[in-house]
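Chemist: Submitted below is the structure of interest, expressed as structure tokens.
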Amino acid sequence: MSRRVVVTGLGTVNPLGRDVASFWEAAREGESGIGEITHFDASGMKARIAGEIADFDPEEYIERKEARRLDRYDQLFWASTHQALADAGISYAEDDPEAMRAGVAVGSGIGGMISFQNGIDTMRERGPDRVSPLTITQIISNMAAGLVSIRYNLFGPNTCTVTACAASANAIGDAAEIIKRGAADVMVAGGAEAPVCEFAVAGFSQARALSLNHDDPQGASRPFDANRDGFVMGEGAATLILEESEHAHARGAEIYGEIIGYGMSSDGYHVTLPRPGGGGAARAMQHALDDAGLAATDVDYINAHGTSTMANDATETAAIKTVFGDGAYSVPISSTKSMTGHLLGGAGALESLVCILAIRDGIVPPTINYTTPDPECDLDYVPNEARSVEVKAAMTNSFGFGGHNVSLVFAAHE
Amino acid sequence: MDRAEVEAKMTDLLVDELGLDRDKITMSATFEEDLEVDSLGVVELLMALEDNFGVTIPDEEAEAIGTVGQAVDVVMEKLGG
């Protein structure tokens with residue numbers, strides 16, 4: 001019999017909360033985690049708002065000597081992974097044979113962008129001999145995976161996906177496949193991003209991707225609304241503990257749900273814009289359904305990519321219609337990014353976590369700031385208030401610059 | 001700057017810039033074993049010494065530094081003490 005993959009632990013730090021419980025409560029309440037940028041003086045920037053994590057103290061999780069050597073994205077992933085492993089009741093001693101069967105897959109769109117920027121500043125201002133010896137380990141996008149494997153004795157497969165805003169959805173899908181093919185029994189899977197620095201904000205802003213709604217920061221991320229004007233950058237991390245089903249049952253683990261579908265496609269069209277009509281996105285969704293062995297009508301909730309850009313939300317809506325047909329109009333769809341902002345490479349993991357909690361609690365969080373319908377976005381986006389829905393199967397979409405399309409399907413475990 | 005001042009400043013640097021535990025820092029403490037400073041940390045230490053004491057320490061001299069006291073020795077020598 002083929003191996004099945006269940007979710008046995010969750011962790012997150014994001015603009016709505018510094019743990020799963022506080023995040024989920026805020027998400028159900030439809031709160032916004034967006035505000036004016038405080039991480040640096042943004043007064044000279046075109047875009048001046050973001051979803052920041054207030055009062056994140058890395059030393060809550062990491063010894064000071066170690067914490068100071070890490071980029072913020074590493075610290076965030078370390079924190080969410082610490083929570084998730086504790087939630088799953090998993091810890092390995094260095095000589096535990098089980099540790100050889102436990103691995104890591106982490107996605108990040110950019111990696112240590114803050115360290116990158118600071119390193120360049122140091123080199124220009126003080127010369128190459130003053131560049132920190134930690135520069136490279138802080139910047140590279142795989143280091144979050146490396147670090148947690150070192151800290152938590154995870155000696156199985158250790159990998160990293162860097163597919164922009166689809167990165168952590170890819171990481172979770174890849175991790176599930178690693179377990180299915182028998183190469184590991186447990187995978188720490190997730191993603192992290194800490195992009196709130198001048199360089200990244202300027203870059204995304206110049207690409208005309210960011211909302212400039214400075215008058216109303218909390219209303220700026222408004223996916224599917226007619227007056228949306230771009231995404232709001234967010235920082236954060238989320239970790240899911242994926243585990244082979246028999247392995248989880250044997251140790252009496254609490255099981256949140258199961259990952260049953262993973263679909264991918266490429267737009268093959270443009271570096272930032274989605275292919276008009278959403279054909280690429282639709283194929284990723286269809287592949288995920290096929291992998292899950294589900295019909296579109298079996299899906300009770302779609303956690304949309306829903307970035308709040310003009311292009312994404314209209315295209316994603318078209319793609320959902322292609323795959324779901326008439327059912328597109330009845331399935332509840334919501335965008336977590338309306339509340340957290342866009343966690344870039346971390347988004348897919350956080351939104352997978354939302355799907356799992358929606359399945360567990362029978363509650364679909366809302367798309368907030370939805371006030372003015374857009375004729376191109378005419379589906380049920382669960383506007384502004386959470387809804388009680390029995391969710392047996394949930395899909396989440398993640399689409400990245402470069403045309404990377406990923407859909408995952410989660411289901412109640414029976 | 002006399003030796004006591006260099007020792008005090010060295011201790012502060014190790015705490016502030018390398019995040020080391022002040023209680024563990026003695027002049028006989030070894031960086032590698034006692035203080036668990038890895039190869040990257042050693043480079044950070046050298047940069048911190050150069051920045052804060054205004055000295056230049058070539059790599060071949062740095063390799064001879066094993067303990068906190070030896071780091072103080074090198075700084076004292078560079079300072080002309």
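The values are calculated or read from the model by the stated rules, or taken from the named source; none is laboratory data. These figures come from a predicted structure and were not determined experimentally. So basically every Cβ, Gly included, is an ideal-geometry build from the backbone, and we count neighbours across all protein chains shown.
Chemist: Collect the residues in segment A:120-149 that are within 14 Å of chain B (Cβ to nearest Cβ) and either under 22 Å from residue A:345 (Cα atoms) or of a type in the set (Phe, Trp, Tyr) (or both), keeping them in residue-number order. Steps first, answer last, please.
Modeler: Step one: list which residues in segment A:120-149 are within 14 Å of chain B (Cβ to nearest Cβ), which gives A:122-123, A:125-140, A:143, A:146-147.
Within segment A:120-149, A:135, A:136, A:137, A:138, A:139, A:140, A:143, A:146, A:147 meet the criteria.
Chemist: Please identify the pairs in which a residue from segment A:276-290 that is over 12 Å from residue A:314 (Cα atoms) has its Cβ atom under 6 Å from the Cβ atom of a residue that is part of a helix (DSSP H, G or I), counting only partners at least 6 apart or on another chain.
Modeler: The qualifying pairs are A:282/A:319; A:282/A:322; A:282/A:323; A:285/A:323; A:286/A:323.
So that you can scan it fast, the table gives a plain yes or no per residue for (1) modelled with pLDDT of 95 or more; (2) surrounded by fewer than 24 Cβ atoms within 10 Å (Cβ to Cβ); (3) closer than 18 Å to residue A:108 by Cα:
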| site | (1), (2), (3) |
| --- | --- |
| A:140 | yes, yes, yes |
| A:164 | yes, yes, yes |
| A:168 | yes, no, yes |
| A:172 | yes, no, yes |
| A:179 | yes, no, no |
| A:186 | yes, no, no |
| A:219 | yes, yes, no |
| A:224 | yes, no, no |
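Chemist: Do we have residue A:36 as in contact (Cβ under 8 Å) with a residue 60 or more places away in the chain and more than 14 Å from chain B (Cβ to nearest Cβ) here?
Modeler: On the way: in contact (Cβ under 8 Å) with a residue 60 or more places away in the chain: yes; more than 14 Å from chain B (Cβ to nearest Cβ): yes.
Taking the combined requirement at face value, the residue satisfies it.
Chemist: Only residues that are within 25 Å of residue A:172 (Cβ to Cβ) and touching a Leu at 6+ places or on another chain (Cβ under 6 Å): list them for segment A:108-148, please.
Modeler: A:109
Chemist: In segment A:62-86, what residues are buried (at least 20 other Cβ atoms within 10 Å of the Cβ), away from chain B (no Cβ under 14 Å) and either closer than 22 Å to residue A:155 by Cα or in contact with a strand residue (DSSP E or B) (Cβ under 7 Å, 6 or more places away or on another chain) (or both)?
Modeler: A:73, A:74, A:76, A:77, A:78, A:79, A:80, A:81, A:83, A:84, A:85
Chemist: Can you give me the ranges of the strands (runs of 3 or more DSSP E) entirely in segment A:236-333 with at least 2 residues that are more than 17 Å from the chain's Cα centre (by Cα)?
Modeler: Numbers: elements: A:236-244, A:257-266, A:301-303.
So the answer is A:236-244, A:257-266.
Chemist: So which strands (runs of 3 or more DSSP E) are wholly in segment A:1-61 and hold at least 2 residues that are surrounded by fewer than 24 Cβ atoms within 10 Å (Cβ to Cβ) and not aliphatic (A, V, I, L, M)?
Modeler: Working: elements: A:5-13, A:34-36, A:49-51.
Because the criterion is at least 2 residues that are surrounded by fewer than 24 Cβ atoms within 10 Å (Cβ to Cβ) and not aliphatic (A, V, I, L, M), the strands (runs of 3 or more DSSP E) in segment A:1-61 that meet it are A:34-36.
Chemist: Among the residues of segment A:121-138, write down those that are surrounded by fewer than 20 Cβ atoms within 10 Å (Cβ to Cβ) and either touching a residue at least 12 places away in the same chain (Cβ under 8 Å) or under 23 Å from the mean Cα position of the chain (by Cα) (or both). Write out each step before concluding.
Modeler: Going through segment A:121-138, the residues surrounded by fewer than 20 Cβ atoms within 10 Å (Cβ to Cβ) turn out to be A:121-137.
Result: A:131, A:132, A:134, A:135, A:137.
Chemist: Residue check: is residue A:350 under 13 Å from the mean Cα position of the chain (by Cα), crowded, with 24+ Cβ neighbours inside 10 Å and on the phi < 0 side of the Ramachandran plot?
Modeler: Spelling it out, residue A:350 is indeed under 13 Å from the mean Cα position of the chain (by Cα), crowded, with 24+ Cβ neighbours inside 10 Å and on the phi < 0 side of the Ramachandran plot.
Chemist: For residue A:323, state whether it is surrounded by 22 or more Cβ atoms within 10 Å (Cβ to Cβ), under 22 Å from residue A:256 (Cβ atoms), at pLDDT 95 or above and touching a helix residue (DSSP H, G or I) at 6+ places or on another chain (Cβ under 8 Å).
Modeler: On the way: surrounded by 22 or more Cβ atoms within 10 Å (Cβ to Cβ): yes; under 22 Å from residue A:256 (Cβ atoms): no; at pLDDT 95 or above: yes; touching a helix residue (DSSP H, G or I) at 6+ places or on another chain (Cβ under 8 Å): yes.
So residue A:323 does not fit the description; no.
Chemist: If the Cβ limit is 8 Å and pairs must be 6+ apart or interchain, which residue in segment A:224-236 that is under 22 Å from residue A:37 (Cα atoms) pairs with which residue that is basic (Lys, Arg) and at pLDDT below 95?
Modeler: That search, which allows pairs on different chains as well, returns A:230/A:208.
Chemist: Taking only segment A:230-254 into account, find how many residues are of a type outside the set (Ser, Thr, Tyr), buried (at least 17 other Cβ atoms within 10 Å of the Cβ) and on the phi < 0 side of the Ramachandran plot. Don't jump to the end; show me each part of the working.
Modeler: In the first step, residues of segment A:230-254 are kept if they are of a type outside the set (Ser, Thr, Tyr); the result is A:230-238, A:240-244, A:246-254.
This time we only want the ones that are buried (at least 17 other Cβ atoms within 10 Å of the Cβ), so: A:230-238, A:240-244, A:247-248, A:253.
Now restrict to residues that are on the phi < 0 side of the Ramachandran plot: A:231-235, A:237-238, A:240-244, A:247-248, A:253.
Summing the residues that are of a type outside the set (Ser, Thr, Tyr), buried (at least 17 other Cβ atoms within 10 Å of the Cβ) and on the phi < 0 side of the Ramachandran plot in segment A:230-254 gives 15.
Chemist: So which residues in segment B:33-81 are part of a loop (DSSP other than H, G, I, E, B) and touching a Phe, Trp or Tyr at 6+ places or on another chain (Cβ under 8 Å)? Show your work before the answer.
Modeler: Of segment B:33-81, the ones part of a loop (DSSP other than H, G, I, E, B) are B:33-38, B:54-58, B:63-66, B:79-81.
Listed by number, the residues that qualify are B:37, B:65, B:66, B:79.
Chemist: Provide a single number: the residues in segment B:52-81 that are within 13 Å of chain A (Cβ to nearest Cβ) and either over 16 Å from residue B:18 (Cβ atoms) or in contact with an Asp or Glu (Cβ under 9 Å, 6 or more places away or on another chain) (or both).
Modeler: Step one: filter segment B:52-81 for residues within 13 Å of chain A (Cβ to nearest Cβ), giving B:52, B:56-59, B:62.
Imposing the further condition that a residue be either over 16 Å from residue B:18 (Cβ atoms) or in contact with an Asp or Glu (Cβ under 9 Å, 6 or more places away or on another chain) (or both) reduces the set to B:52, B:56-59.
The number of residues fulfilling the criteria is 5.
Chemist: How many residues are more than 14 Å from chain A (Cβ to nearest Cβ), surrounded by 15 or more Cβ atoms within 10 Å (Cβ to Cβ) and β-branched (Val, Ile, Thr) when one looks only at segment B:9-29?
Modeler: 1
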